[in-house]
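The block underneath contains the structure these notes are about, expressed in structure tokens.
The values are calculated or read from the model by the stated rules, or taken from the named source; none is laboratory data. Not measured: the values here are computed from a predicted model. Reconstructed Cβ throughout: ideal geometry from the backbone, glycine too, with neighbour counts over all protein chains shown.
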Amino acid sequence: MQVTKWSGKPISKPGWYSGIPIERYHSPGMCDGPAVSSSNLRTLWSKSEAHMYHEWCEAPDYQPKEATRAMILGAAAHHLFLGEDGFNMKFVAQPENYRDSKTAELKKWNGNANVCKDWLAAAEDSGRVVVKPDEFKAIKGMAASLTSQPLVQEGLLSGLVECSGFIKDKPTGLWIKVRPDVIPVSGPDFVDLKTTSDVTSHALQYTMRSFGYHQQGALIWEVCEALGLPFASFNLMFVETSAPYCARRIELADKDLEDGRRINRVALNRIAKAMTLKHWPGPSENDGHPLPFSHDERARTEARLKIEESA
């Protein structure tokens, strides 16, 4: 596998690149033409072109989302667990206590105290993200759970990190970009680390469907195929963000990844069409057609009606 050190200029040749900050990866002009990531394709499929365009960094009026505490926790955990460089350059731990400037008394951290305000202002000026004590506690709990997993001990999360892949989609002319958590160097099995609130089967089925992780895995598969990198499976390593911090590996089924590729193709074609028409439709443009309940909902209704009607 050949990895090219990024020159700082827009990507113009397909390949794997290192040294691209995550903020730059998600910014406009990353490539010498419009580029889409799996999150763009997933948003279009689950919502609409209008929603995708609103979140697309290539859109003229794009406004980056303000990071939530859950996003900060996930980003910090990823940085530590995957061995990315420069954690202290990106994050700073908020103290649990502060010393009163008048009495020199040690007090519990209070965001309204001037000393604490000054500390937070200095952290913001340094460009670092503040990680709160309870978040660090959660990170330690997640780390302990992950490292106890046999597959993690065998190197499941080991490989190349902070590498991004780029290919140009021939049918649409769009650049496709992916950034796997880990590019395996000892085999063709890819893994992505996910923080979540619940790793039970029912919860994960909902999570994987809601976030379209099969589309993410399918796009990595497509880029690997185009760049000649072996790809055999896509795995999700989930870890809970609160006690007991259970971890669980899920391998996506081949059929789901194949469906993900089909969905991604539809999404790419719809983006290209919207760009040509300069029109990004929302869900309301499908109005006028019946919207039936799902088969599952109908089955639940039928089962209850049989009970109620026979009572």
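Is one or more of the residues making up the stretch 116-123 surrounded by 16 or more Cβ atoms within 10 Å (Cβ to Cβ) and without any contact (Cβ under 8 Å) to a residue 24 or more places away in the chain? So far as the stretch 116-123 goes, yes, one or more of its residues are surrounded by 16 or more Cβ atoms within 10 Å (Cβ to Cβ) and without any contact (Cβ under 8 Å) to a residue 24 or more places away in the chain. So for the stretch 32-54 (the condition being surrounded by fewer than 17 Cβ atoms within 10 Å (Cβ to Cβ), touching a strand residue (DSSP E or B) at 6+ places or on another chain (Cβ under 9 Å) and at pLDDT 95 or above), does at least one residue qualify? Yes, the stretch 32-54 contains a residue that is surrounded by fewer than 17 Cβ atoms within 10 Å (Cβ to Cβ), touching a strand residue (DSSP E or B) at 6+ places or on another chain (Cβ under 9 Å) and at pLDDT 95 or above.
Scanning the stretch 256-270 for residues that are basic (Lys, Arg) and over 14 Å from Phe234 (Cα atoms) gives Arg262, Arg265, Arg270.
Condition test on Lys278, is it modelled with pLDDT of 90 or more and at positive phi? Yes.
Restricting attention to the stretch 126-158, the residues that are closer than 17 Å to Phe87 by Cα, without any contact (Cβ under 8 Å) to a residue 40 or more places away in the chain and assigned to a helix (DSSP H, G or I) add up to 2. Scanning the stretch 129-158 for residues that are loosely packed, with under 13 Cβ neighbours inside 10 Å and over 29 Å from Val92 (Cβ atoms) yields Pro150, Gln153, Glu154.
This table checks each residue for (1) touching a His at 6+ places or on another chain (Cβ under 7 Å); (2) at pLDDT 85 or above; (3) over 30 Å from Thr43 (Cα atoms).
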site: Cys57; (1), (2), (3): yes, yes, no
site: Ala67; (1), (2), (3): no, no, no
site: His78; (1), (2), (3): no, no, no
site: Asn88; (1), (2), (3): no, no, yes
site: Ala104; (1), (2), (3): no, yes, yes
site: Asn114; (1), (2), (3): no, yes, yes
site: Asp118; (1), (2), (3): no, yes, yes
site: Arg128; (1), (2), (3): no, yes, no
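Specify the residue that is surrounded by the most Cβ atoms within 10 Å (Cβ to Cβ); the eligible residues are those in the stretch 55-75 that are aliphatic (A, V, I, L, M) and out of contact with any Ser or Thr (no Cβ under 8 Å at 6 or more places or on another chain).
Per the criteria, the residue is Ala75.
Checking each residue in the stretch 161-188 for being in a loop (DSSP other than H, G, I, E, B) and more than 15 Å from the chain's Cα centre (by Cα) picks out Asp169, Lys170, Pro171, Thr172, Gly173, Leu174, Pro184, Val185, Ser186, Gly187, Pro188. Residue check: Leu252 meets all listed conditions (1) out of contact with any strand residue (DSSP E or B) (no Cβ under 8 Å at 6 or more places or on another chain); (2) modelled with pLDDT of 95 or more but one, namely (1). Take the conditions (1) in contact with a strand residue (DSSP E or B) (Cβ under 7 Å, 6 or more places away or on another chain); (2) touching a residue at least 60 places away in the same chain (Cβ under 8 Å); Phe238 misses just one of them, which is (2).
Looking at the stretch 159-200, which of its residues are in contact (Cβ under 8 Å) with a residue 60 or more places away in the chain, of a type in the set (Gly, Ala, Ser) and either surrounded by 20 or more Cβ atoms within 10 Å (Cβ to Cβ) or within 22 Å of Ser233 (Cα to Cα) (or both)? Residues satisfying the conditions are Ser164, Gly165. Select from the stretch 253-264 the residues that are touching a residue at least 40 places away in the same chain (Cβ under 8 Å) and not small (Gly, Ala, Ser) and list them in ascending order. The answer is Asp256, Leu257, Glu258, Asp259, Arg261, Ile263, Asn264.
Can you confirm whether Tyr98 is hydroxyl-bearing (Ser, Thr, Tyr), surrounded by 11 or more Cβ atoms within 10 Å (Cβ to Cβ) and within 30 Å of Arg270 (Cα to Cα)? In short, no.
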